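Rule-based calculations on the coordinates, nothing more; no lab input. All values derive from a computational prediction rather than experimental measurement. Here the Cβ is made from the backbone with ideal geometry for all residues, glycine too, and neighbour counts use every protein chain on show.
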């Protein structure tokens, strides 16, 4: 079965030292006033649209991007026609109605896509030119963007021109915001403040310029197939994210800390010279010309990064000169001194190192999309600086917490920019930068250290929605550190999330990664494991609706009378679970192939049109290969495809087996009931939903099916050809995609009604956790560990999770789950608000068990008055 | 119980996994059905009768379904009326839960073979190991099913599971004796002090209980004595003094006091039991109760 950690005897938990090691500080670190003020400021800051990068990049490229006067004029006219058609389509989609001018719109769109192809052809994209253009544009943005140092900050570096800013990227797919732009500040989901000038500039200058130059403009031409484009837009069978930009990657911050960008520039220059030697009096080949262009672009980027640090230094000196408060003046001067060193030169102190990382983070976001740009194993990277500072008497643990808190605050300022329809799939406004703590060293021994704990203490002071804090756990993890993790979780907020080295490291090695690198994994974004600094994992590339594939398998590929998938035998012709799973596999394969075709086209457009030279300087392998990260320059290349709705497929297969394959229920009747969303069949729906074993209840058959379905998905994803010469890797997670896809998925044999959310990650469906967290975890432990992460979400009552008893329970769950092969778990500690929601909507919360000393009851079975009493009790604690 | 029947089955009304308040660590608590006491404040009224019985949750009942009405052979059901179940007619035959699509009607109590129940308990063994937890036998009165426990407990012990018994001690000692070698800990619940009080509140015989308590104390078992404090019933000074006196007699110096919660009363509406809601007054003065016990030489903590 290949999952080595399944037998718990292999993990000797009993041998662990039960005595928590001492905390890194003797005295508890009380609330630090600076962090409290920073936190208050961040929480009070309005959410705003940032158009700075868009404006500056357009300013520059308008001057230098080669013109085609005739085509440009055609494109401007085309843009206006396109914009009005798109707005009309969005309006009708919002009203849930078919476009009244359907045929005409379709014709217009077809014409539009032909025009797009014309632009693309006419340019004959030359990567070497694009690389230089993009590097120069980045240099222009870094040289002119507004530098903003905020009150109380000890670490500076703004990613956007707003305190809480959502940068728009017209070079990628910023134009998708066209429909939302007019009412962005008043839309119902995640409104963002805008100024009329911003909107006008986007509509009249920026979008028209990028209309035929963006990834979004060129990708359809490369995808080609109109049906596939429609399918992409629909977001029912799969959804792809990379059109929004390059993201979900962990740059090599360690390299910048070691070498500085000056050192990186020297490396680039050395590589350039060796390449010139190779070319050797002959004319360079086309490939070599591209390599030279890549190195030139990298050199421009590295130099721009050095200049950017100097700009900051100058700015801070000016701020210090104008500062009346003596203490703040000193702080600003100290920061100026720090910026005289980093990011150009190697960092020497913790403060310098943290400042360098934030500046790199800020610079990368002038090039790339803000989604899952992660930090890696900061407790490992930063430990030498911390220890040196401590030894030299430059730093106290409390000051370190203050610096780390400032760092966490900086990492919380970005908002993803999403058009309203996508918000269904990824709501919550997290740009999902991950920090990873703990785990093992290259030799397999425990890596957690005093800095790991200080990060948690700093998080506890900040408690912002991001960055995501991830903790790697293994059988030899320091008990004191784990206890601190569990206490932090018990205080709510859902962080940190826990990852099992015993499950993840072997999973990475199965994908061909060597043990040393596998042991160095960190979490990209939410839950995706990858090797930091040397991979381009594109971990959030896409999501695939597993429940939709099952719908197709039940109906032989037909949906609403239309052949959507390949012709497989429909349910009445299926006899066994294996038949059904085979049909599911074939439907899934077809969806995956289309998703990979479209994703491959998007990735190629990135490489040809919108390479990312700055990112390429901080991903190991790109300079050595003289190949951009988008073109496969990284040492490790993967793209993540996440399966959505695992629990729904498992429950459905189990239900079909129990009722249809047993002969108890005619397949036609089931299909008719599903088609009608159980209209007139509510008893059947109830029976399917509540009277059959479910994934999450530790039912053996559901466990087998979970393993089988997940394995099919992992295998089928692994078969797909990869555009950067790497591999597609499977994940089971998806922000809120389970809701977006659920709303586009019909009723299922699991008893789930049409349009309801699908299961989240590898979590059981809502209502299937009635046997408690251990049963849910046992079910989840049956899912084999895929290459690209998975999410197991557990709700815990705060009364259970608080305090030392709660911490022990949380850790007991984590370790018990990991001992059975589980890979990831995160906790939601429920508060009285949830109980109130349960009161208002009992159907969705019927598995909410309240436990009070000696007995238990379903919350929803309690009388109203007793529920109120319980809510009050929870509030008081 | 029949002597040496080839298949001994246990009657269980709930198996609660991830139980954190019934002993150390993460535990699976098995609630055995059937009890020899009838405490007026019993928080698990569905645990009393030693047979499976029907229970109804009106909040789950589907409007316009009424499948149950059509199958009831005794015409005892009217789910959408003020008296959903006519308990005088119902004989708990189990036909209506079999057709109820939503689980509003369900049978409380099912029979397990020792192997089946052991397997269910061992499903969480990994969490017992990771948290120092185990299995708690609760009820009802688990010891009443001693022959079944004699078959079950060795299966758990073989796997190194920590076993804790919660008991009220109201049974013949020969039922308890064979279990003792398997028990890692015992929570012994005293309900009241003197004979009259014990009989008044629980319908049981205090002498019997105290005899068993004294024997357990003499066996050097890992013993914790507990007492639910029900305001206005067993919280008065004379009851507490009598409890203290008895503890001293058996050489015990401490007791864990359990606060009383009224939330269980919600269950009554769906059960055939004749138990009535208590509608109790305010919380007792915890310090005063502890003080009274202290004055009689017994240290106490609230659990």
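Tell me what chain A gives for mean residue ellipticity at 222 nm when only DSSP H runs of n ≥ 4 count, each as -39,500 (n - 2.57), the sum divided by the residue total, rounded to 500 deg cm²/dmol.
-16000 deg cm²/dmol
To check you understand DSSP bridge types, tell me what percent of the beta bridges within chain B (both residues inside) are antiparallel, rounded to 5.
Values: 13 of 38 bridges.
Beta bridges within chain B, antiparallel portion: roughly 35 percent.
Please report A:307, B:91, A:699 as a ranked list, fewest other C-beta atoms within 10 angstrom at the top and most at the bottom.
B:91, A:307, A:699
For an R0 of 41 angstrom, estimate the FRET efficiency from the Cβ-Cβ distance between residue B:110 and residue B:199 and round to the nearest 0.05.
Rounded to the nearest 0.05, the efficiency is 0.80.
Name the shape class, rounded, prolate or oblate, that the alpha-carbon gyration tensor gives for the range B:53-105, where a ≥ b ≥ c are the square roots of its eigenvalues, rounded holds for a/c under 1.5, and otherwise prolate holds if a/b is larger than b/c and oblate otherwise.
Details: a/c = 1.44, a/b = 1.26, b/c = 1.15.
It is rounded, given that a/c, with a ≥ b ≥ c, falls under 1.5.
Once you have the Cα-Cα distance between residue B:254 and residue B:91, take 0.36 nm times their residue separation minus that, and quote the gain in nm to one decimal.
The span from residue B:254 to residue B:91 would gain 54.2 nm if fully extended.
What shape does the range A:232-304 have by the C-alpha gyration tensor, where a ≥ b ≥ c are the square roots of the eigenvalues, rounded means a/c under 1.5, and otherwise prolate means a/b greater than b/c and oblate the rest?
Working: a/c = 3.81, a/b = 1.56, b/c = 2.44.
Note, shape of the range A:232-304 comes out oblate.
Evaluate E = 1/(1 + (r/R0)^6) for residue A:76 and residue A:150, where r is the Cβ-Cβ distance and R0 equals 35 Å; express this FRET efficiency to the nearest 0.05.
Efficiency at R0 = 35 Å is approximately 0.30.
What do you get for Rg/Rh over the range B:1-110 if you use C-alpha atoms and the Kirkwood form of Rh?
1.03
Shape verdict for chain B, please, from the Cα gyration tensor: rounded (a/c under 1.5), prolate (a/b greater than b/c) or oblate.
Here chain B falls in the oblate category.
Where does each of B:111, A:119, A:713 land when they are ranked from fewest to most other beta-carbon atoms within 10 angstrom?
Ordered from fewest to most neighbouring Cβ atoms within 10 Å, B:111, A:119, A:713 come out as B:111, A:119, A:713.
Say R0 is 30 Å: what FRET efficiency, to the nearest 0.05, do residue A:188 and residue A:59 get from their beta-carbon distance?
My answer for the efficiency is 0.35.
Pick from B:220, B:151, B:192 the residue whose mean-square fluctuation is largest in a GNM of chain B, springs joining Cα atoms under 10 Å.
B:220
Note down the nm distance, to one decimal, between modelled labels 7 Å out along Cα→Cβ at residue A:701 and at residue A:753.
Calculated label separation equals 2.6 nm.
Could you give the length gained by full extension between residue A:278 and residue A:625, i.e. 0.36 nm per residue of separation minus their alpha carbon distance, to one decimal place?
Using 0.36 nm per residue and subtracting the Cα-Cα distance, I get 123.6 nm.
Starting from the 7 Å offset along Cα-to-Cβ, what nm value, one decimal, do you get for the label separation of residue B:40 and residue A:230?
Label-label distance for residue B:40 and residue A:230, simple model: 7.5 nm.
Specify the inter-centroid distance of the range A:565-595 and the range B:86-116, based on alpha-carbon positions, in whole Å.
Between the Cα centres of the range A:565-595 and the range B:86-116 lies a distance of 39 Å.
Please report the antiparallel percentage of DSSP beta bridges with both residues in the range A:391-510, rounded to the nearest 5. Don't jump to the answer; show the numbers that get you there.
Details: 1 of 10 bridges.
Among the beta bridges of the range A:391-510, antiparallel pairing accounts for roughly 10 percent.
Taking the Cα atoms only, what angle lies between the long axis of helix B:286-295 and the longest principal axis of chain B, rounded to 10 degrees?
40 degrees
Take every DSSP beta bridge whose two residues both sit in chain A, then give the antiparallel share in percent to the nearest 5.
Of the beta bridges lying entirely in chain A, close to 30 percent run antiparallel.
Shielding of A:808-818 by partners, i.e. mean partner chain Cβ atoms within 10 Å per residue?
Details: counts 8, 7, 1, 3, 13, 6, 3, 5, 11, 3, 2.
So the per-residue partner count for this stretch is 6.
Taking only Cα atoms, what is the 0 to 90° angle, nearest 10, from helix B:146-158's long axis to the longest principal axis of chain B?
80 degrees
Sorted from fewest to most neighbouring beta carbons within 10 Å, what does the list A:661, A:209 look like? It would help to have the intermediate numbers written out before the result.
Numbers: A:661 18, A:209 22.
Sorted ascending by nearby Cβ count, the order is A:661, A:209.
Residue B:276 to residue B:223: extension gain in nm, 0.36 nm per residue of separation minus the Cα-Cα distance?
Net length gain for the segment: 15.8 nm.
For chain A, what D do you get in µm² per second when you plug the Kirkwood radius from alpha-carbon pairs into Stokes-Einstein at 4 °C and 1.567 mPa s?
46 µm²/s
Springs between alpha-carbon atoms under 10 Å, Gaussian network over chain B: tell me which of B:168, B:241, B:207 tops the mean-square fluctuations.
The residue with the greatest mean-square fluctuation here is B:207.
On a 0 to 90 degree scale, rounded to 10, what angle separates helix B:206-218 from the longest Cα axis of chain B?
The angle comes out at about 60 degrees.
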